[in-house]
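We did not get these values from a lab; they are worked out from the coordinates using the rules stated. Values in this document were obtained by computation on a predicted structure and should not be read as measured data. Virtual Cβ from ideal backbone geometry, glycine too; neighbours counted across all protein chains shown.
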Amino acid sequence: RGSEMAQHARFTIESGIPIYFCDPQSPWQRGTNENTNGLLRQYWPKGSDLRHLTMAECDNVALQLNTRPRKTLDWQTPGQALNKRLVARTD
């Protein structure tokens, strides 16, 4: 719904990774997204005032989540899984 995916076609062409768009009002189609929201709640419970967060705080949480192995990625981190996919495309 936002502009963050405006270049999705370019990303797909350049990376070879297809982009999937879920139907509106269908959270069961966004399992990883919903799981990530739950992980973020470990740092900022629902109702937290996020107006005073610094970029450094957000970057720290992002680093922790992005370096956390995920069962859905066969216990790789998100970065490892993406790198593996991108390297496989160039071979």
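See the values below:
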item	result
Cut-off 19 Å, label 7 Å out along Cα→Cβ of K46, residues of segment 11-34 by amide N	25-34
Gain on full stretching of the segment that runs from C58 to C22 - 0.36 nm per residue minus C-alpha separation	10.4 nm
Cα-based Rg and Dmax for the chain, where Dmax is the largest Cα-Cα distance (Å)	15.4, 47
Sparsely packed chymotrypsin sites (Phe, Trp or Tyr not before Pro) within segment 1-90, loop by DSSP, other Cβ within 10 Å at most 11	Y20, F21, W75
